[in-house]
Amino acid sequence: MTTSPGQDEPALEVGVALNDELLIADGAKRRGILNHIAETGLGHVTVGDHISFHGGAGFDGMVAATSILAGHDSLRAVLGVYQLALRHPMVAARQVATLSQIAPGRLVLGAGVGGEDRGEVANAGIDPATRGRRLDESLGVLRRLAGGEPIEHEGEFFRLRDARILPAPAPRVPIVIGGSGDVAVRRTAEHGDGWMGIFCSARRFGETVEKIRAAAAERDRQVSWFGLSMWVGLGRDDLTARRLLGERMQSLYNLPPEKFRHLTAAGTPATVAAALKPYVAAGARHLTLVVAAESVHDGIEMAGEVRSRLDTSGGRG
């Protein structure tokens, strides 16, 4: 499941992103999917979060993470990314603490501003123009509440008096920041335990990692969790895999597949593993494969093969 990292380098973990495949009424089928993920050596399942995206679609990230953590005894759940700016941080802190009681050490909370649907934000009662500031304040409050001690807070959006969440999560839940650009660098350096990237080149990924490390050091902090989510088409031949990925992404994003071609990977497990190696060399230690395949079980099986190839090669190019 893991590579042989350097002295201070975390082991490599590979997981898959699933939403619709797990949000089903058939509990036996859901457990079968989770068991298959674990059997292939994959370490985590990543789920998204939307309240009402582009006309009403969505899925609650905390509920989806709960279904994973309660449905399997070892898999980790990565919530990437949770739209923390659309929730009250006190409520989010309670949810995180409760999940930590159910599955201590198996939740990673990714936080970000979410998609670009301003209607979703406004209909949640939040002024879209303040979303970024609200997220920053929420992150600061969430981190303080995680310690289990009473806090006082007087901010732009929240006022808390003798606020406390018990039991405090043990171990502490990592908070990783989603997004790109200077804002993501600053936000990770100030509030995050790590950063998760998507739709970026290996060169840009590596540059962002170095900027975050430097910015965190300036604040006397250390950031060590670096992850990548990548859309991948997986098939027994490259042409089929590319077709599957193109159809899935065009349906979701309503954009031509060529727009994403250089920021995704498609082909056999060997082809996809080769595409991921430069990201691992650039510092990615938590890889999430957003898989397009003929079936969910085909995708899981081939994602496991990708993990094995990265493991065998040490993840290096």
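The values are calculated or read from the model by the stated rules, or taken from the named source; none is laboratory data. Just so it is clear, the model here is predicted, and its values are computed rather than measured. All Cβ positions, glycine included, derive from the backbone under ideal geometry; neighbour counts span all protein chains shown.
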In the set 288, 268, 264, the lone residue that is over 25 Å from residue 35 (Cα atoms) and either at pLDDT 95 or above or surrounded by fewer than 19 Cβ atoms within 10 Å (Cβ to Cβ) (or both) is 264
Yes or no: segment 160-173 includes at least one residue that is touching a strand residue (DSSP E or B) at 6+ places or on another chain (Cβ under 7 Å), of a type in the set (Lys, Arg) and surrounded by 21 or more Cβ atoms within 10 Å (Cβ to Cβ).
no
Name the helices (runs of 4 or more DSSP H) wholly within segment 107-201 that hold at least 1 residues that are within 24 Å of residue 221 (Cα to Cα) and not small (Gly, Ala, Ser)?
131-145, 181-191
Which of (1) touching a helix residue (DSSP H, G or I) at 6+ places or on another chain (Cβ under 8 Å); (2) farther than 17 Å from residue 194 by Cα does residue 94 not meet, given it meets every other one?
(1)
When segment 165-184 is examined, which residues are found to be among the aliphatic types (A, V, I, L, M) and either under 16 Å from the mean Cα position of the chain (by Cα) or over 18 Å from residue 204 (Cα atoms) (or both)?
165, 166, 168, 170, 173, 175, 176, 177, 184
Residue in segment 180-193 that is farthest from residue 96 (Cα to Cα), counting only those that are among the small types (Gly, Ala, Ser) and surrounded by fewer than 21 Cβ atoms within 10 Å (Cβ to Cβ):
181
In the set 81, 91, 14, 47, the lone residue that is β-branched (Val, Ile, Thr) and over 15 Å from the mean Cα position of the chain (by Cα) is 91
Look through segment 1-27, keep the residues that are within 24 Å of residue 61 (Cβ to Cβ) and modelled with pLDDT of 95 or more, and return whichever of them is surrounded by the fewest Cβ atoms within 10 Å (Cβ to Cβ).
13
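Which of the following residues is part of a helix (DSSP H, G or I), surrounded by 14 or more Cβ atoms within 10 Å (Cβ to Cβ) and in contact (Cβ under 8 Å) with a residue 60 or more places away in the chain: 85, 65, 93?
Exactly one of 85, 65, 93 is part of a helix (DSSP H, G or I), surrounded by 14 or more Cβ atoms within 10 Å (Cβ to Cβ) and in contact (Cβ under 8 Å) with a residue 60 or more places away in the chain, namely 93.
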Hey, does segment 233-244 have a residue that's closer than 23 Å to residue 23 by Cα and surrounded by fewer than 23 Cβ atoms within 10 Å (Cβ to Cβ)?
yes
Residues (touching a residue at least 24 places away in the same chain (Cβ under 8 Å), polar (S, T, N, Q) and over 23 Å from residue 203 (Cα atoms)) located in segment 245-283:
268
Going through 221, 242, 187 one at a time, which residue ends up being touching a residue at least 12 places away in the same chain (Cβ under 8 Å), among the basic types (Lys, Arg) and under 23 Å from residue 275 (Cβ atoms)?
242
Can you name the residue in segment 113-135 that is crowded, with 21+ Cβ neighbours inside 10 Å and touching an Asp or Glu at 6+ places or on another chain (Cβ under 9 Å) and, of all such residues, is nearest to residue 187 (Cα to Cα)?
134
Search result, residues across segment 11-62 that are assigned to a loop (DSSP other than H, G, I, E, B) and β-branched (Val, Ile, Thr)
24, 40
